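Chemist: Shown below is the structure under consideration.
Values quoted throughout were computed directly from the atomic coordinates according to the rules given, and no laboratory measurement underlies them. Model, not experiment: these values are computed from the prediction. No Cβ is skipped: glycine too gets one built from the backbone with ideal geometry, and neighbour counts run over all protein chains shown.
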């Protein structure tokens, strides 16, 4: 019966409630992350580079620029999943996995706490991939 329900959901184009909630939360979270990363790219990156001893900390402008692109990719993936397109899941998951390891690439410490929500959302989105085409 679950397979019949899944087929009916994909055929009718009706988005499941959990997927709707996840997408809305992602629109808010990724939208704000993209905005703040963009503002940080413009402002904080150059500010950190101008303070003696801070230039090497946090990656500066490059870190925030990459974070902006990843936030935008995450948002784009969520928009695609809102439209029930399976490719959106792969875009979202890829962007968030890269975002989790991004601090390591810039010599910053890994934060397990910062990885919890992205991993949780990836798992919850994965449970809804069957409703996408």
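Chemist: Explain nothing, just the number: relative contact order of region 27-131, from Cα pairs under 8 Å at least 6 residues apart, as a whole percent.
Modeler: Here the relative contact order equals 24 percent.
Chemist: Hey, another quick one. Among 121, 90, 64, what is the fewest-to-most ranking by other Cβ atoms within 10 Å?
Modeler: 90, 121, 64
Chemist: What distance in nm separates the two pseudo spin-label positions at residue 133 and residue 113, each 7 Å out from Cα along the beta-carbon direction?
Modeler: Roughly 4.4 nm, to one decimal.
Chemist: Taking a virtual spin label 7 Å from the Cα of residue 123 along the C-beta vector, which residues in region 59-94 bring their backbone nitrogen under 19 Å of it?
Modeler: Backbone N within reach: 89-90, 92-94.
Chemist: Applying a 10 Å radius around every beta-carbon, put 69-75, 15-21, 105-111 in order of their mean neighbour count, most first.
Modeler: Put in order of decreasing packing, that is 69-75, 15-21, 105-111.
Chemist: Just to be sure I follow: if Rg is taken over the C-alpha atoms of region 27-131 and Rh is the Kirkwood radius over the same atoms, what is Rg/Rh?
Modeler: 1.04
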